[in-house]
Structure formats: structure tokens, C-alpha cells
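The structure appears below as C-alpha cells.
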Amino acid sequence: MTGVPDQPDLDPPAETYAGLGDWVPEVLGAGRVIPVVSAPNAVLSRAGAEVDPTAGETVQLAADLIATMRVSPGCVGLAAPQVGVAAQVFAVDVTGHPKAVTLHGTFALCNARVVEATRWKAGREGCMSVPDLTGDVKRASRLVVEGALPGSGKVVQLVTDGFEARALQHEIDHCAGLLFLDRVAGAHAIYQRKVYL
Amino acid sequence: MMSRLSVPSVGHLRAGRRRQVVRIGQNARMNELAITVIGRDRPGIVADVAEVLARLGANLTDSTMTRLRGHFAMTLICVGPTAAAVETALAPLAADGQLLATVRAVTPDGATASAGEPHVMAVHGADRMGIVAAMTRVLADAGGNVTDLSTRLVGSLYVVVAEVELPPGAADALAGRLAEAAAGLGVEVTLRPAEPDLL
């Protein structure tokens, strides 16, 4: 985890912690690799339910998301609806991505929401659940997100930027039943990865 | 190189392209042509068509050129020569049956001022008949004018993204009607204001 430059003057509510603290993905235990569903699967368009971050099934789901993300080439984030579960849980890890600035390593969040979003920038996004298309989407490049850590249930605020901010917004959208397709900038902002001849 | 004649009005020509212009009629607006070229994609279609037009002194104004499922499609407006001259000049390109070119004279009506509020409608879901028809009908009934639209079919996923100008204040009620139409089709829809980046 790197330092956060120019951290905004935030006043987190009581019992909200800044950063991941001593949380590590290993606290979740072993995860299973689960098949990822693709659009137009209806689960991807359903708003996920809030979860109890301390419940065993939530912890297992978070572990499964991390395990599945890790074995998927190029995957920097995975949300529960993508493995067929309409729940507000996701995993993110943008470590090593060239556009990443601030890094929080591998982590999962439950019931996450955007607290503050600024410095909007367009960027190209793909998604494991929309494997054939990419799109230009405007996202905040400075972001404050609040969510609960699976396991402890501790509510944390993460301040981030750059590609990690983009990944977090993409995953929080998944948990709300939204795909990047819902936010593309215009009629010519969708690109095909494969060419069909 | 053919000689370049005097050009009565060059206000609409970009400086860097003036050398391409060989001849423009006394009243170029009288010869505004809509040209389409579509056919099996291969390297060189744009160059071939553009060379023909340049040789005729046609000034290529607005155009869109893209590949649609392996077919290369060009739609363009140009001013200058007559439709017959362009048709004749494009005929050799279509001779092998791989390209289809059409040329039609259109009435220049100039730029229309936009009075609407620009929005982006995104639709995605399982492919089925009539998605574009149903959704654009809802837009049209609300007075929305589609200014740009693209669709993609990948696997069973169908995606429509339309840029549409809406009458002021119409967006909220329209969003509700679009959601109803989308639910009837089993697809998802979002309607958002377009956010132009002015630099």
C-alpha cells in the first residue's frame, strides 16, 4: 500500500476507519474458482442485496471472488453478480497495472458506496462479463469509497485515484446492477474486441 | 495533375485540403451528393473511393466509414461534380461485384441548429427482433431526434447506443417510458445527459 497524496480533509463517521488497516485477504480462508457469467445474464442487471459482512457465506463469497479474480488473466476486479450472486460484494486488485497510482493491494468490500468522486476523466474499460466489447466511460479519478471488510465487518474509507478508482466505480456499479455499457460516452464509444467475419 | 480553377467560395474548405480541390461548379451547393459504398472489407477501399472523388474535384465534407460485421460501409456527402460523373467514375470499383456504390443528388439544407438537449441512450440485453424499432419509436414520440446511433451484436448480447436530442425538459418522463418499453423487451436501458468536454 502506498501513501495517498493530497488526501482530502475528510471527517469519517464514528467507527469508520481510514484504509484497510491490518486486513489481509488471507483472513477470508481458501476461495473457490467460480464460472463468470456474461451479459445478457439477468443477474448482471439486478441490484445486489446488502450483505452481512461478518456472515460465513459473505466471507466465502469474498474469498471466491478473490480466487476467481486471481486466476483470470487481466482481471483487476470482480463483483458478486459476475459469479451469479446478486449481492453487494466485490474484490479488486490493480497491483502492477500501468495506470494504477494509489494501490491497496488485494481487497474485498461489502455494501460499498461512493462518498466523494472528483476529477472525472474518460477512459477505456472492459469487463469479464462483456468479453467482446470495450467502451469509453467517464469516471472519477479521485475517489473516496466506504464499505465493510468481509470477516471483521469493519467499515473503512478508502481514498484512491487513477485506475484503482476506476476499478472501484466499475465494481460498485456491478453491485447496483449496472455495466459499463450503461455509461458509455456516445454512439461511437463502444469497441469490438473480436472481429466477426 | 489537373489544373485547379478558381473557387468562388472556399469558406467551407479546410485549408490543408484545398490542393485536392480541382474544380467546383459555379454553385457548388447545387451539386451536393450523398454517396454510399458498401462491400466486403479489404485494404484500400477508402483510398480507392477517395481518389476517384479527388480526381473529379469532389470535396468530401461529412462522412462516416466503418466496418460492420466484415462489410466496409461508407456514407458520405460531397459537393462538386454531378451525380452522373461520380457514378461513372465509381463504376470500375464495383465491377468485380464486391462493392456496391450508390450516388444520389441531395438538396443542401445547410446546418440545422440544434435546439435539443443532448442525451445518450444505452440499451443492452438478449438479442431479439425489434429492439431498435421499439426504443427509437419511444424517442421519436417524445420529440427526440436521434443524431447518431450504433448497434453491436456479440454472441447473444445486443447493444444499442444512441445519441439523441430531446426537447427541453422531456428527459425525465421519457426515461420512464423507455424503462417501460425496455421491460417489455426484456432489455436494460439508461438515458443520461451527454457531457460534452469543452476545452
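Listing for the model above:
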{"read-out": "Given (1) surrounded by 19 or more Cβ atoms within 10 Å (Cβ to Cβ); (2) touching an Asp or Glu at 6+ places or on another chain (Cβ under 9 Å); (3) farther than 19 Å from A:S72 by Cα, index of the condition A:H170 fails", "value": "(3)"}
{"read-out": "Identity of the residue in the range B:178-193, surrounded by 15 or more Cβ atoms within 10 Å (Cβ to Cβ) and among the charged types (D, E, K, R), that ends up nearest to the other protein chains (Cβ to nearest Cβ)", "value": "B:E188"}
{"read-out": "All positions within the range A:164-192 that are more than 20 Å from B:E195 (Cβ to Cβ) and in contact with a Lys or Arg (Cβ under 7 Å, 6 or more places away or on another chain)", "value": "A:G177, A:Q192"}
{"read-out": "For B:L166: the one exception among (1) in contact with a helix residue (DSSP H, G or I) (Cβ under 7 Å, 6 or more places away or on another chain); (2) closer than 21 Å to A:I190 by Cα; (3) surrounded by 17 or more Cβ atoms within 10 Å (Cβ to Cβ)", "value": "(2)"}
{"read-out": "Test: A:D161 is more than 14 Å from chain B (Cβ to nearest Cβ) and either surrounded by fewer than 17 Cβ atoms within 10 Å (Cβ to Cβ) or touching a Lys or Arg at 6+ places or on another chain (Cβ under 9 Å) (or both)", "value": "yes"}
{"read-out": "Criterion violated by B:P196 - all others in (1) within 14 Å of chain A (Cβ to nearest Cβ); (2) modelled with pLDDT of 95 or more satisfied", "value": "(2)"}
{"read-out": "Candidates A:G19, A:G31, A:G96, A:G48 - the one that is farther than 27 Å from B:A126 by Cβ, of a type outside the set (F, W, Y) and either within 14 Å of chain B (Cβ to nearest Cβ) or in contact (Cβ under 8 Å) with a residue 60 or more places away in the chain (or both)", "value": "A:G19"}
{"read-out": "Of the criteria (1) modelled with pLDDT of 95 or more; (2) surrounded by fewer than 23 Cβ atoms within 10 Å (Cβ to Cβ); (3) within 11 Å of chain B (Cβ to nearest Cβ), which one A:Q192 fails", "value": "(1)"}
{"read-out": "Residues of the range B:158-177 satisfying the condition of being within 14 Å of chain A (Cβ to nearest Cβ) and assigned to a strand (DSSP E or B)", "value": "B:Y158, B:V159, B:V160, B:V161, B:A162, B:E163, B:V164, B:E165"}
{"read-out": "Selection from the range A:52-73 of residues that are in contact with a Gly (Cβ under 6 Å, 6 or more places away or on another chain), surrounded by fewer than 22 Cβ atoms within 10 Å (Cβ to Cβ) and of a type outside the set (A, V, I, L, M)", "value": "A:T54"}
{"read-out": "Members of the range B:144-157 found to be within 8 Å of another protein chain (Cβ to nearest Cβ), over 15 Å from A:A189 (Cα atoms) and either crowded, with 19+ Cβ neighbours inside 10 Å or touching a Gly at 6+ places or on another chain (Cβ under 7 Å) (or both), listed by number", "value": "B:V154, B:L157"}
{"read-out": "Meets criteria (away from chain B (no Cβ under 14 Å) and under 15 Å from the mean Cα position of the chain (by Cα)) for A:R124", "value": "no"}
{"read-out": "Odd one out for A:D93, checked against (1) buried (at least 23 other Cβ atoms within 10 Å of the Cβ); (2) out of contact with any helix residue (DSSP H, G or I) (no Cβ under 8 Å at 6 or more places or on another chain); (3) acidic (D, E)", "value": "(2)"}
{"read-out": "Qualifying residue in the range B:132-141 (condition: surrounded by fewer than 15 Cβ atoms within 10 Å (Cβ to Cβ) and in contact with a Gly (Cβ under 9 Å, 6 or more places away or on another chain))", "value": "no"}
{"read-out": "Selection status of A:D182, buried (at least 19 other Cβ atoms within 10 Å of the Cβ) and out of contact with any helix residue (DSSP H, G or I) (no Cβ under 7 Å at 6 or more places or on another chain)", "value": "yes"}
{"read-out": "Residues of the range B:54-93 classified as over 30 Å from A:D132 (Cα atoms) and either within 14 Å of chain A (Cβ to nearest Cβ) or touching a Gly at 6+ places or on another chain (Cβ under 8 Å) (or both), total", "value": "6"}
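Each row is one residue, and each column tells you yes or no for (1) assigned to a strand (DSSP E or B); (2) more than 12 Å from chain B (Cβ to nearest Cβ); (3) within 22 Å of A:A86 (Cβ to Cβ); (4) touching a residue at least 12 places away in the same chain (Cβ under 8 Å).
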| site | (1), (2), (3), (4) |
| --- | --- |
| A:L133 | yes, no, no, yes |
| A:A140 | yes, yes, no, yes |
| A:V144 | yes, yes, no, yes |
| A:S152 | no, yes, no, yes |
| A:Q169 | no, yes, yes, yes |
| A:G177 | no, no, yes, yes |
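The values are calculated or read from the model by the stated rules, or taken from the named source; none is laboratory data. Keep in mind that this is a model prediction, so the values were computed, not measured. Note: ideal-geometry Cβ built from the backbone for every residue, glycine included; neighbour counts use all protein chains shown.
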